[in-house]
Amino acid sequence: MPRTGYLRGAIGGDGHGRGTGIVFFGWWAGESSRGTAKTPPLQSGNAAMAMIGMDDTEQRGRHSIRLPGYDYGRAGTYFLTICTQGRLHLFGEVREGVMLCSAAGYMVQEAFYGLEEHFPTVHPIHMAAMPDHVHALIQLSGVYTPSGQRPTLGEIVGWYKQRTHLLYGHEARAGGWPCYQGHLWQRDFYERRVETAAALVTYAQYMVENPQRWSETHDE
């Protein structure tokens, strides 16, 4: 029978924030695989944005839509976008198509990769911080823990947002990071279910190319 299993991804880079390759390990929908995922033709910037369904400008005025009756605790892989409150630029800056993370930018990424410590059935694949938002690929195993827990996507994102809000606030009160009013993150988040391995590569390529698109649409 087809199975959905553990999938771990890695985004290659040249040491300066430029992605140079995408490698995935594990198996997907029952098909064993290991190696470098080939980038299909639809992975041009415009095609990737079309597949995702919105670009970073569109996200400013849209609301997340959770599917009514959908079980967000079941096994699945998701592409997420989480934006700062007021779209404040708190996580760094983009220069010449390269995202230069601030200390806060590194913090929100490290907190994402630490999700497994709190949610052992959740596998963070990759996160990329932008000045005022983050993109992430995450996989839920859908299995219950020995204590009978099976976290939903909303619970996981909620915990992550609260954790990073507290960590950021601590540094801001110490005078090291810029302050903000209210909450670090917007109330909601955007999600797209990743249905195939090819789609996963497309979303990952979108994340790799995002700083360059930012440079083309924002004044530096």
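The values are calculated or read from the model by the stated rules, or taken from the named source; none is laboratory data. Computed from a predicted structure; not experimentally measured. With ideal geometry, Cβ positions are generated from the backbone for all residues, glycine too; neighbour counts draw on all protein chains shown.
Observations on the model:
- Output for the stretch 130-156, where each listed residue is closer than 23 Å to Leu88 by Cβ and out of contact with any Ser or Thr (no Cβ under 9 Å at 6 or more places or on another chain): Met130
- Boolean, Tyr206 is touching a residue at least 60 places away in the same chain (Cβ under 8 Å), out of contact with any strand residue (DSSP E or B) (no Cβ under 6 Å at 6 or more places or on another chain) and crowded, with 19+ Cβ neighbours inside 10 Å: yes
- Screening Glu117 against (1) in contact with a strand residue (DSSP E or B) (Cβ under 8 Å, 6 or more places away or on another chain); (2) surrounded by fewer than 22 Cβ atoms within 10 Å (Cβ to Cβ) leaves a single unmet condition, (1).
- Residue check, Pro124 surrounded by 19 or more Cβ atoms within 10 Å (Cβ to Cβ), of a type outside the set (A, V, I, L, M, F, W, C) and over 18 Å from Asp71 (Cα atoms): yes
- Residue, surrounded by the most Cβ atoms within 10 Å (Cβ to Cβ), within the stretch 89-111, restricted to residues that are in contact with a Pro (Cβ under 9 Å, 6 or more places away or on another chain) and part of a helix (DSSP H, G or I): Ala104
- Gly21 fulfils the conditions (1) outside any helix (DSSP H, G or I); (2) at pLDDT 50 or above except for a single criterion, (2).
- Pairs meeting the criteria (first residue in the stretch 175-189 and of a type outside the set (Ser, Thr, Tyr), second residue in a loop (DSSP other than H, G, I, E, B) and surrounded by fewer than 18 Cβ atoms within 10 Å (Cβ to Cβ), beta carbons under 7 Å, at least 6 apart or on different chains) are Asp188/His63; Asp188/Ser64; Phe189/Ser64.
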